[in-house]
Amino acid sequence: MTSIIPSPNMNHLWARLLVEELYRNGVYGFCISPGSRSTPLALAVSRQKEIVHHIHVDERGMGFYALNWAKALGKPVALICTSGTAVANYLPSVVEASLSRVPLIILTADRPPELLQCGANQAIEQADIFGNYVRWSFTLPCPDSAITPTVVLTTAGHAIYQACRAPAGPVHINCMFREPLEPIEIEGDIPQDYTQPIDNWLSNKKPFTRWNLPEHRLTTEQEIFVLDKIETVREGLLIIGELRKEQEIKAAYNLAQSLHWPVFPDVTSGLRLGNKTDFSVPYYDQMLLLPEFSEKFNPKFILHIGGTITSKRLLEFLEKKRPEYMLVTDHPLRTDPIHRVTYRFETDLSSFASWLAPAMRRRDVYPWGLETIQWSQKLEQVIDTWAEKQEELNEITVARYISQWKPAETDLFLGNSMPIRDADMYGSINGTGGLVFANRGASGIDGTIASSAGFSFARKRMVTAVIGDLSALHDLNSISLLSSEGVKVILIIINNDGGGIFSFLPISAYPETFERYFGVPHGYNFGNVAKMFGIDYSIVQTPNELKKTYQSALKKGVSKIIEVSTNRPENLKLHKELQHQIKKELLKLIQKSN
Ligand SMILES: Cc1ncc(C[n+]2csc(CCOP(=O)(O)OP(=O)(O)O)c2C)c(N)n1
Ligand SMILES: [Mg+2]
């Protein structure tokens, strides 16, 4: 621990107290964007040698970096920025962190009250700027010897508690500082006995307040209810939504193996692109394209554990079928977009799955859904055969091949729009698993490059990221994060010269407005920008080229951009063609079974 006192002045003392108490409460990562008003905070971090910190000029990218760092850690990461629009640039990542329940501690430097609402430079209304998207917000006044230093410490502690307790999320401490901001010695600024109330804290390394988070477990009555319910269900379906921890993935896998129900794993569950269970139905989204299947497949009870579902078709199916629906999450947020949940439980997911799995092994199993599982297995071959025929790469085969080629010791980040959907629909179940992250809280196409960088840093391993070209353009300056220490990302940019997703929407039938307002072609590629940021770059056209380039980048172990050019109208055609073949095969299988 570096010394907190003597501090040169009150500004620096308070900043050191704040940073130190955050650190003692387990905040080991800080993300700093440069600015003058935040000088005391930045310097406080720089003195604490055990804190890992990153510096990036753009607060928007820095926010997404911190978000995915914290999401992978399951622990809060702190952000520091100066006053003014710097603060406002955090908003997209704050919104995402709020909706995806990721703890962030946002420390924004502010001007003193006498410089607000009077036209002073770089002064905006910062208090409560993030509205309902933060779990707690508080303005620390200018450091003042009339205020006991314990206030600073308990502010830090309470911030962590609010950020970490369910629902986890961002908190905002707005820190006012009056000049001078530099660490200049000011005699008498800190009264001699000022730190007396925290003498004990200064002499040890423990947090001032030790917060204890509530544990969420089912009560005995709830356990009996769940067991009763599940034991009497004959046609059950297990849906596994987003899971962020390897332990949860393992527990969900064991639950699936014991339950003997068909399993619909979301692409972010860790059980979709690998970790195949005996009951996995990876191609449920595509099967639901066929009305004959939807009519025949009638689950009476859903057990859904984890986060939300990517497949809109599955949501529509559930809305129509109206089975009993048990949703088990580790948070209290409302995540029921089809308004169909019958039983809701808030509990730790690993504990829930680990408790339920052994209890399920003992029960009589009603063999239902076996055909569904077998049909899905047959579709694996249909997709492979179709893919083998594609000489040039396309968006479907990129999703499929990456899921097959990605090594077990790497993770996957999926950009919103088509990359996550293609991986959900066409990724292979025979991959190696690993964590799959995406910003699905608000599903923005912003901050994707920064997100994959933060994810890689947190996991201390290579991340393969697949994102669209507009998403890449949106976050260009974050390419600089790809070469920062500890970040290894193979960034695959699917360049279809615009927003490919819109071709799948009804608006594509209006050619007079479609390209200009929705397709938004730009004609760029990413070679020069990769060069500007000193990142290795290749553009590939064929599956073989992608395989070679991808595998050599993995071997090299440093960040790389791989661009794949595709064509939007052609992409739509290819999706339709493959979907037609899937439906044809599935119909044949259904007819055979009748
Ligand atoms: C920040 C933000 N702005 C706008 C949107 C709306 N939007 C959804 S998908 C999309 C197009 C994305 O294009 P690209 O990243 O190239 O992916 P593609 O659709 O081509 O797969 C847009 C603009 C959004 N989700 N987030
Ligand atoms: Mg695109």
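Values computed for the structure shown
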| item | result |
| --- | --- |
| Prolate/oblate/rounded call for region 86-204, Cα gyration tensor, a/c under 1.5 rounded | oblate |
| Kyte-Doolittle mean at least -1.0, axial Cα span of 27 Å or more - DSSP H helices of the chain | 370-388 |
| Efficiency of FRET between ALA509 and PHE225 - r from beta-carbon atoms, R0 51 angstrom, step 0.05 | 0.55 |
| LEU435 - accessible surface, heavy atoms, 1.4 Å probe, Å² rounded to 10 | 0 Å² |
| Accessible-area value, LYS300, 1.4 Å probe, nucleic acids and ligands omitted, Å² | 110 Å² |
| Percent accessible area from carbon and sulfur atoms, region 447-594, protein chains only, probe 1.4 Å | 54 percent |
| Estimated 222 nm signal from helices in the chain, with DSSP H stretches of n ≥ 4 weighted -39500 (n - 2.57), rounded to 500 | -12000 deg cm²/dmol |
| Area accessible to solvent at CYS31, 1.4 Å probe radius, in Å² | 0 Å² |
| Net charge dipole size for region 529-594 [Lys, Arg +1 and Asp, Glu -1 on Cβ; Debye, nearest 20] | 220 debye |
| 14 Å beta-carbon shell around PHE437, net charge (K/R +1, D/E -1) | +2 |
| Non-local Lys pairs in region 188-342, i.e. 8 or more apart or on different chains, that have alpha carbons under 28 Å apart | 27 |
| Solvent-accessible area, 1.4 Å probe, carbon plus sulfur percent, for region 170-310 | 47 percent |
| As computed over region 237-313, the Cα convex hull volume per residue (Å³) | 82 Å³ |
| Cross-link partners of LYS548 among lysines (Cα-Cα below 25 Å; sequence separation of 8 or more within a chain) | LYS389, LYS406, LYS460, LYS488, LYS531, LYS556, LYS560 |
| Loop sites in region 39-132: trypsin sites (Lys or Arg not before Pro), DSSP, at most 11 other Cβ within 10 Å | LYS49 |
| Share of alpha-carbon pairs per 10 Å distance bin for region 33-106, given as whole % | 20, 53, 25, 1 |
| Region 29-75, Rg to Rh (Cα coordinates; Rh as Kirkwood inverse mean 1/r) | 0.98 |
| Shape call, region 1-139: gyration tensor on alpha carbons, a/c limit 1.5 | oblate |
| Solution diffusion estimate, µm²/s, Stokes-Einstein, region 154-241, Kirkwood Rh from C-alpha pairs, 37 °C, viscosity 0.692 mPa s | 172 µm²/s |
| Residues of the chain: accessible area per residue with a 1.4 Å probe, Å² | 41 Å² |
| Neighbour-limited loop hits for GluC sites (Glu not before Pro), region 192-264 (at most 12 other Cβ within 10 Å; DSSP other than H, G, I, E, B) | GLU215 |
| Sparse-neighbour loop sites [trypsin sites (Lys or Arg not before Pro); region 439-546; at most 15 other C-beta within 10 Å; DSSP] | LYS460 |
| Mean projection area, nm², convex hull over Cα of the chain | 29.1 nm² |
| Exposure ranking of TYR510, TYR284 by accessible area [1.4 Å probe, largest first] | TYR510, TYR284 |
| Whether region 511-594 is rounded, prolate or oblate, judged on the alpha carbon gyration tensor where a/c under 1.5 counts as rounded | oblate |
| Sequence of ILE105, ILE539 from largest to smallest accessible area, 1.4 Å probe | ILE539, ILE105 |
| Sulfur and carbon atoms: percent of accessible area, region 1-44 [1.4 Å] | 62 percent |
| Translational diffusion coefficient (Stokes-Einstein; Kirkwood radius from C-alpha pairs) of region 550-594 at 37 °C, 0.692 mPa s, in µm²/s | 234 µm²/s |
| Ranked order, ARG322, ARG165, ARG234, ARG334 - accessible area, probe 1.4 Å, largest first | ARG334, ARG322, ARG234, ARG165 |
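The values are calculated or read from the model by the stated rules, or taken from the named source; none is laboratory data. Bear in mind the structure is a predicted one, so any value in this text is a computation, not a measurement. No Cβ is skipped: glycine too gets one built from the backbone with ideal geometry, and neighbour counts run over all protein chains shown. The area values use the complete protein model at the heavy-atom level, side chains included, leaving out ligands, DNA and RNA. Shrake-Rupley method; radii C 1.70, N 1.55, O 1.52, S 1.80 Å.
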